[in-house]
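One structure is given here, and the rest of the page talks about it.
The values are calculated or read from the model by the stated rules, or taken from the named source; none is laboratory data. Given the structure is predicted, the values throughout are model-derived calculations rather than measurements. Note that each Cβ is placed from the backbone with ideal geometry, even for glycine, and that neighbours are counted across all protein chains shown.
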Amino acid sequence: MKKLIIAAAVVFAGLQAGTARAAEDTDPPARDWSFSGVFGQYDRAAMQRGLQVYREVCAGCHSLRLIAFRNLEALGYGEDEIEAIAAEYTVVDGPDDEGEMFERPGLPADRFPSPFANPKAAAAANNGAVPPDLSLMIKARDGGADYVHALLTGYVDPPDGVELLDVQSYNLYFPGHLTAMAPPLSEDAVAYGDGTPATVERMASDVVSFLAWTAEPAMEERKRMGIKVILFLLVFTGVLYAVKRKVWAGLH
Amino acid sequence: MSEFKPTNPVIRWIEHRLPIFSFIDHAVGSGYPTPRNLNYWWNYGSLAGIALVILIITGIVLAMQYTPHADYAFDSVERIMRDVNYGWLLRYIHMNGASFFFIVVYIHLFRGLYYGSYKEPRELLWMIGVTLLLLMMATAFTGYVLPWGQLSYWAARVITNMFTAFPFGETIVTWLWGGYTVGNPTLNRFYAFHYLLPFVIVGVVFMHIWALHRFGSSNPVGIEADGPQDKIPFHPYYTVKDLFGLGVYLTLFAALVFFAPNMLGETINYVEADPLVTPAHIVPEWYFLPYYAILRSVTFDIWFLSAKLIGVILMFGSTLILFLVPWLDRSPVRSARFRPWYKWFFWIWVFDVAVLTWVGANLPVPPYLYIGQVASVWYFFHFLVILPLLSIFEPTKPLPSSIGEPVLKGGGASAAGAASKPMEKA
């Protein structure tokens with residue numbers, strides 16, 4: 001198993017090193033996200049649509065191994081809905097009393113099953129490049145949400161003189177521009193339940209909203225608490241300054 | 001000095017058998033006479049102490065949830081971030097607390113250099129402080145490895161690999177790693193050291209404070225107090241001043257923890273360690289960047305010494321040279337306020353360190369490489385040449401006759417009545 005991972009990683013590293021040489025940075029355009037800023041919060045509707053994009057498009061290749069179905073409560077789903085989503089998946093459990101592994105429908109406590117059994121299988125199915133896990137993707141790349149959005153919408157025809165291999169695509173924002181990920185989104189790749197038109201732009205920003213949450217699920221609680229803490233500290237520090245002035249008044 | 005006379009019978013009973021209350025009173029209470037003219041740059045010592053306590057408390061709680069194993073460390077940190085109650089808060093406080101600890105300690109150190117706090121009779125106090133800095137570095141480095149992200153792993157590899165520059169280097173490095181590469185044994189021992197060293201730091205902090213209390217704090221004018229009119233009791237004057245400083249510190253700290261917790265970190269450390277994928281750009285945490293710049297500035301061998309070995313020696317030397325500062329700077333005047341030339345060279349040196357920080361964050365290619373080389377040379381030139389020369393040639397300004405003089409209207413030395421009031425009150 002370890003050897004398989006190592007072999008897969010070597011291939012991946014080789015691909016990356018090859019592309020990195022041509023690197024020429026293009027900064028992703030800064031976008032105004034619902035979750036940016038001190039008061040920014042996640043957009044529930046966008047996250048639910050983003051979940052759909054992940055499940056119907058990204059999940060074909062990318063795992064989301066840190067997220068359990070029960071976590072989807074944060075997207076605004078009720079218990080029944082979460083149980084229903086989980087039950088659509090088949091997970092391997094066991095061993096049972098006979099020592100056999102068995103399959104069963106997913107439960108809210110299960111995590112999203114990965115599309116491939118192991119990195120070697122992932123590499124074999126993707127021309128040697130292992131699709132990275134998406135749980136932390138927004139925190140794991142410079143540029144964060146802006147970068148991932150730019151990447152998903154940044155596929156263009158290669159400029160003159162750039163030869164692509166069959167497995168490569170040209171992307172304005174990927175470091176080195178040559179990526180092993182084929183353009184993942186096309187118009188109406190999903191049919192949104194709420195009637196939102198599934199443009200590439202919309203799907204990209206929805207899935208980024210969803211992945212921003214998977215990377216930092218405690219962000220809303222963090223910011224809410226932060227505002228209270230800062231307000232308290234400002235008042236308390238002001239009081240301390242007044243006390244300091246009073247105590248020192250007799251000295252000057 | 002005021003005598004400590006408790007009125008509460010319980011405290012008197014304990015005090016008679018174990019004089020702990022008078023000990024505290026003499027350490028940080030009304031029984032510790034402090035120069036009356038300390039400015040806000042003197043807040044950073046107590047702030048460093050509080051930063052250390054915050055790190056130890058959050059660290060102990062995090063240790064209850066963390067798994068020091070190469071296969072589980074990364075996921076256990078994510079579990080803390082997602083499933084442990086307020087785990088995200090504890091981890092972000094701990095992570096950013098280390099950065100704030102270094103900010104505070106660097107300002108504390110710069111203050112010591114500016115006001116000549118290291119001069120006789122406080123040389124040992126200064127040297128214990130430099131020892132604390134070295135211990136902090138070791139703690140921060142071992143701690144950074146624990147989340148087992150890509151930079152955790154590769155930083156551990158790059159830094160431990162420096163020892164291969166020395167004779168028997170390969171053997172030393174294998175011994176440090178507990179194997180033939182950075183792996184699970186390395187992570188385990190780094191965890192052990194990361195838990196141990198903070199308590200060693202606490203012990204050395206007590207020595208630092210002990211040495212401090214031998215002669216008391218230095219002060220902005222750099223002359224010793226010549227009577228009770230120059231001093232005020234630590235409590236309430238400096239306890240309240242330090243508390244106000246703490247309020248400002250915590251407000252800034254909270255802004256970072258709650259609204260930009262990953263600003264000072266590298267994104268790639270949210271990718272799990274992979275021994276076979278070398279990150280394109282390996283950088284240490286910001287507080288190590290100047291040393292990293294010096295290490296990478298040496299690109300040439302000198303005689304039988306390899307570039308790598310010289311780089312490693314200079315990198316360690318950049319901190320170790322601080323031990324010698326009390327003897328490199330022989331000027332009889334402590335404070336830069338009365339040293340017109342040194343004041344300039346001090347700020348040039350601070351700028352030099354800032355340049356090294358900036359260079360350290362960039363790849364060692366021109367022009368960064370050349371800028372880094374010039375800045376590295378200046379760093380040592382400042383200590384080895386400028387400080388000794390200034391001691392001889394600098395025309396210093398006349399010193400005030402007493403600490404009270406510049407702060408008190410109408411002259412402090414003779415104003416026994418008004419000026420001595422505070423210590424009488426104590």
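Taking the stated definitions as given, is A:T214 over 30 Å from B:L246 (Cα atoms), within 12 Å of chain B (Cβ to nearest Cβ), among the β-branched types (V, I, T) and assigned to a helix (DSSP H, G or I)? Criteria met by A:T214. Look at (1) more than 30 Å from B:Y153 (Cβ to Cβ); (2) in the same structural domain as B:W148 (by TED's automatic domain parsing); (3) in contact with a Ser or Thr (Cβ under 6 Å, 6 or more places away or on another chain) and you find that B:F4 fails only one, number (2).
Any residue that is surrounded by 22 or more Cβ atoms within 10 Å (Cβ to Cβ) and in the same structural domain as B:A48 (by TED's automatic domain parsing) - is there at least one of those in the stretch B:164-177? Looking through the stretch B:164-177, none of the residues is surrounded by 22 or more Cβ atoms within 10 Å (Cβ to Cβ) and in the same structural domain as B:A48 (by TED's automatic domain parsing). Return yes or no: is B:V221 in a helix (DSSP H, G or I) and within 30 Å of B:V28 (Cα to Cα)? Here the answer is no, as B:V221 does not meet what is asked.
Could you please find all residues in the stretch B:371-384 being in contact with a helix residue (DSSP H, G or I) (Cβ under 9 Å, 6 or more places away or on another chain) and without any contact (Cβ under 8 Å) to a residue 60 or more places away in the chain? Steps first, answer last, please.
Of the stretch B:371-384, the ones in contact with a helix residue (DSSP H, G or I) (Cβ under 9 Å, 6 or more places away or on another chain) are B:371-380, B:382-384.
Passing the criteria: B:I371, B:V374, B:V377, B:W378, B:H382.
The lone criterion from (1) at pLDDT 95 or above; (2) within 24 Å of A:C61 (Cβ to Cβ); (3) not assigned by TED's automatic domain parsing to the domain that holds A:E56 left unmet by A:A125 is number (1).
Quick one: which of A:G250, A:G193 is surrounded by fewer than 17 Cβ atoms within 10 Å (Cβ to Cβ), farther than 25 Å from A:R65 by Cα, facing another protein chain (nearest Cβ under 8 Å) and not hydrophobic (A, V, I, L, M, F, W, C)?
Values: A:G193 fails: facing another protein chain (nearest Cβ under 8 Å).
Answer to the selection: A:G250.
Among the residues of the stretch B:220-229, are any within 14 Å of chain A (Cβ to nearest Cβ) and touching a helix residue (DSSP H, G or I) at 6+ places or on another chain (Cβ under 9 Å)? Before you say what the answer is, go through the steps one by one.
Our first condition is that a residue be within 14 Å of chain A (Cβ to nearest Cβ); within the stretch B:220-229, this holds for B:228-229.
Checking the rest, the ones that are also touching a helix residue (DSSP H, G or I) at 6+ places or on another chain (Cβ under 9 Å) come to B:228-229.
Yes.
Given the structure, is A:A109 within 14 Å of chain B (Cβ to nearest Cβ), closer than 23 Å to B:D75 by Cβ, in a loop (DSSP other than H, G, I, E, B) and free of Cβ contacts under 8 Å to residues at least 60 places away in the same chain? Walk me through it before giving the result.
Details: within 14 Å of chain B (Cβ to nearest Cβ): yes; closer than 23 Å to B:D75 by Cβ: yes; in a loop (DSSP other than H, G, I, E, B): yes; free of Cβ contacts under 8 Å to residues at least 60 places away in the same chain: yes.
Considered against the rule, which asks whether it is within 14 Å of chain B (Cβ to nearest Cβ), closer than 23 Å to B:D75 by Cβ, in a loop (DSSP other than H, G, I, E, B) and free of Cβ contacts under 8 Å to residues at least 60 places away in the same chain, A:A109 comes out as yes.
Do we find a residue being within 22 Å of the chain's Cα centre (by Cα) and among the basic types (K, R) anywhere in the stretch B:115-133?
Just the residues of the stretch B:115-133 that are within 22 Å of the chain's Cα centre (by Cα), to begin with: B:115-133.
Then drop every residue that is not among the basic types (K, R), which leaves B:119, B:122.
Scanning the stretch B:115-133, I find at least one residue that is within 22 Å of the chain's Cα centre (by Cα) and among the basic types (K, R), so the answer is yes.
Of these, B:R79, B:R91, which one is at negative phi, without any contact (Cβ under 8 Å) to a residue 40 or more places away in the chain, surrounded by 21 or more Cβ atoms within 10 Å (Cβ to Cβ) and within 14 Å of another protein chain (Cβ to nearest Cβ)?
Numbers: B:R79 fails: surrounded by 21 or more Cβ atoms within 10 Å (Cβ to Cβ).
That would be B:R91, the only listed residue that is at negative phi, without any contact (Cβ under 8 Å) to a residue 40 or more places away in the chain, surrounded by 21 or more Cβ atoms within 10 Å (Cβ to Cβ) and within 14 Å of another protein chain (Cβ to nearest Cβ).
For B:T251, indicate whether it is closer than 20 Å to B:A361 by Cβ, at the interface with chain A (Cβ under 10 Å from one of its Cβ atoms) and of a type in the set (S, T, N, Q).
On the way: closer than 20 Å to B:A361 by Cβ: no; at the interface with chain A (Cβ under 10 Å from one of its Cβ atoms): yes; of a type in the set (S, T, N, Q): yes.
Criteria not met by B:T251.
Within the stretch A:33-63, the residues that satisfy the criterion of being closer than 23 Å to B:P261 by Cα and part of a loop (DSSP other than H, G, I, E, B) are A:W33, A:S34, A:F35, A:S36, A:G37, A:V38, A:F39, A:G40, A:Q41, A:Y42, A:D43.
Restricting the search to the stretch B:28-49, which residues are more than 14 Å from every other protein chain (Cβ to nearest Cβ), surrounded by fewer than 20 Cβ atoms within 10 Å (Cβ to Cβ) and part of a helix (DSSP H, G or I)? Once the filter is applied, which keeps residues that are more than 14 Å from every other protein chain (Cβ to nearest Cβ), surrounded by fewer than 20 Cβ atoms within 10 Å (Cβ to Cβ) and part of a helix (DSSP H, G or I), the stretch B:28-49 yields B:V28, B:W41, B:G49. Give the residues of the stretch B:156-174 that are more than 20 Å from B:D274 (Cα to Cα) and in a helix (DSSP H, G or I), sorted by residue number. Matches in the stretch B:156-174: B:M162, B:F163, B:T164, B:A165, B:G169, B:E170, B:T171, B:I172.
From A:G226, A:G250, A:G195, grab the single residue that is at pLDDT below 95, out of contact with any Ser or Thr (no Cβ under 6 Å at 6 or more places or on another chain), part of a helix (DSSP H, G or I) and not hydroxyl-bearing (S, T, Y). Steps first, answer last, please.
Working: A:G226 fails: at pLDDT below 95; A:G195 fails: part of a helix (DSSP H, G or I).
Criteria check complete, one pass: A:G250.
On the given criteria, is B:V283 within 30 Å of A:V130 (Cβ to Cβ) and either under 20 Å from the mean Cα position of the chain (by Cα) or within 14 Å of another protein chain (Cβ to nearest Cβ) (or both)?
Working: within 30 Å of A:V130 (Cβ to Cβ): yes; either under 20 Å from the mean Cα position of the chain (by Cα) or within 14 Å of another protein chain (Cβ to nearest Cβ) (or both): yes.
Criteria met by B:V283.
The number of residues in the stretch B:64-101 that are in contact with a helix residue (DSSP H, G or I) (Cβ under 6 Å, 6 or more places away or on another chain) and among the β-branched types (V, I, T) comes to 3. Do we find a residue being surrounded by fewer than 21 Cβ atoms within 10 Å (Cβ to Cβ) and either of a type in the set (G, A, S) or without any contact (Cβ under 8 Å) to a residue 40 or more places away in the chain (or both) anywhere in the stretch B:284-292? So far as the stretch B:284-292 goes, no, none of its residues is surrounded by fewer than 21 Cβ atoms within 10 Å (Cβ to Cβ) and either of a type in the set (G, A, S) or without any contact (Cβ under 8 Å) to a residue 40 or more places away in the chain (or both).
Taking the conditions exactly as written (free of Cβ contacts under 8 Å to residues at least 60 places away in the same chain, at negative phi and within 9 Å of another protein chain (Cβ to nearest Cβ)), does B:T278 satisfy them or not? Talk me through it step by step, then tell me what you get.
Working: free of Cβ contacts under 8 Å to residues at least 60 places away in the same chain: no; at negative phi: yes; within 9 Å of another protein chain (Cβ to nearest Cβ): yes.
When the stated conditions are applied, B:T278 does not pass them.
All of B:Y237, B:Y270 fail the test of being among the hydroxyl-bearing types (S, T, Y), at the interface with chain A (Cβ under 8 Å from one of its Cβ atoms) and farther than 30 Å from B:I159 by Cβ, apart from B:Y237.
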